[in-house]
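For reference, the structure discussed in these notes is given below.
The values are calculated or read from the model by the stated rules, or taken from the named source; none is laboratory data. Keep in mind that what you see is a predicted model, and the values were worked out from it rather than measured. FYI the Cβ positions are ideal-geometry reconstructions off the backbone, even for glycines, and counts take in every protein chain you see. Ligands, DNA and RNA are excluded from the accessible area calculation, which covers all protein heavy atoms including side chains. Shrake-Rupley method; radii C 1.70, N 1.55, O 1.52, S 1.80 Å.
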Amino acid sequence: AQAVPGALLPADTGDGAVPSPLLRQDEQLQLLERLDFVVRNIVELRKEVEELRNSLQHLAMEIVGEVRTHLEETQRVTRRRKFPFSRERSDSTGSSSIYFTASSGNANTDDGESEGGYTTANAESDYDRESERESEEGEDEASCDTVRTVRRDSLELVPDDESPLLPDSSLDEGLGQLLEQADRLHRGDERDKREGFQLLLNNKLAYGGQQEFLWRLARAHSDMWELTQDADERRSYATEGKEELELALQKWDQSAECHQWFAILSGQVSEHESIPKRIQAGYVFKEHIDKAIALKPQDPQLYYLLGRWCYQVAHLGWLEKRTVSALFESPPTATVEDALQNFLRVEELSPGFSKAGRVYIAKCYRDLGNSSAAVLWMNLASELPANTKEDAEGERELEEMRSVWEE
């Protein structure tokens, strides 16, 4: 008994007492479970801290890369003031190699050629060698004239003051028919969406300078993003569609559709990015959805997208919240109540707009503790068909919610 710690002996026993623990067996098990819970949380916390550390290191590398890119772009602009033609070459349809093929008769394939070589090659095809001694203003005018004759598949090469390739009457008639067909294919199945995407690509040269065409082309890129499983292809589709709208918004900042699809594609581009980039994309998404709503306040789709954004922000994880606080002075804020108001606005503008929208209303009421309203909207959501991938996901969430309620 003397070898046993005094804490294990009752206070009123003598030297011959038998030791007995202060905790019963069930209490010991409970204590061990709590200790195990604490240990597991510490391990998870260490993992989250490590992920945050890696994210911050990645962000620092991105900042350095952006600064380097900016410096290189500044140097290229300086060079362009001397040489009106770009040295960069690519195999894409919008590359400078096509420009040289059109202007000089054959593509320049000498990798070792200097910038002076490019200038000389263009000088031989467009004007005399003596034109090299002309002023920069004269060179710019000559290069612009050449660009106008090329009509490359790029908005950057279409002057603002130039009319489309086709006469206005035939362009308007052909464009109207094309847009109607593109909208019909967009509402169809996977095969229709792929056909619509190819249709718009085939007509980009003729209608690439038209606002209504461009945002539909961007929308088709978003469709392909949803239909594609490969991560690299998905990123490529979303990036190309976003680039189309970056150019479009320079001309048509008052287009609600351009802002809407720019927001959607920005989110799609960031799907496989780091946490800081996803958060930054969230700011971009909110900014352009707000602009679209200001321009088109009766569009239910815009309020649905804003509701999705509010719901996601309201459910940010611990690590994401810490990252936002560390990197941004004004973190995005939204509550489940904000999300609910936007989803209810969708129903107000267009009752039964989507199955997914009603599922989100049920989820908001569930999160707010209003079980009766949640069940009501679950039943209303069940009445609608699943027309989209989001609707199908909503149907699965409905089943999970029902199983939880039954338990």
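The number of residues in the stretch 251-275 that are of a type in the set (D, E), part of a loop (DSSP other than H, G, I, E, B) and over 14 Å from R235 (Cα atoms) comes to 1. Enumerate the helices (runs of 4 or more DSSP H) found wholly within the stretch 276-373, keeping only those where 2 or more residues are surrounded by fewer than 18 Cβ atoms within 10 Å (Cβ to Cβ) and touching a strand residue (DSSP E or B) at 6+ places or on another chain (Cβ under 9 Å). By residue number, no helices (runs of 4 or more DSSP H) qualify.
Being under 16 Å from G209 (Cα atoms) and crowded, with 19+ Cβ neighbours inside 10 Å is a condition met by no residue of the stretch 263-270.
Every residue in the stretch 319-338 that is within 20 Å of the chain's Cα centre (by Cα) and over 22 Å from N54 (Cα atoms), please. Within the stretch 319-338, P332, T333, A334 meet the criteria. Within the stretch 387-402, restricting attention to residues that are surrounded by fewer than 16 Cβ atoms within 10 Å (Cβ to Cβ) and in contact with a helix residue (DSSP H, G or I) (Cβ under 8 Å, 6 or more places away or on another chain), the residue that is nearest to C310 (Cα to Cα) is E393.
Checking A206, A182 one by one, the residue that is modelled with pLDDT of 75 or more, over 23 Å from the mean Cα position of the chain (by Cα) and buried (at least 17 other Cβ atoms within 10 Å of the Cβ) is A206 and no other. Take the conditions open to solvent by 60 Å² or more (accessible area, probe 1.4 Å) and among the aromatic types (F, W, Y) and apply them to W405. Does it pass? Criteria met by W405.
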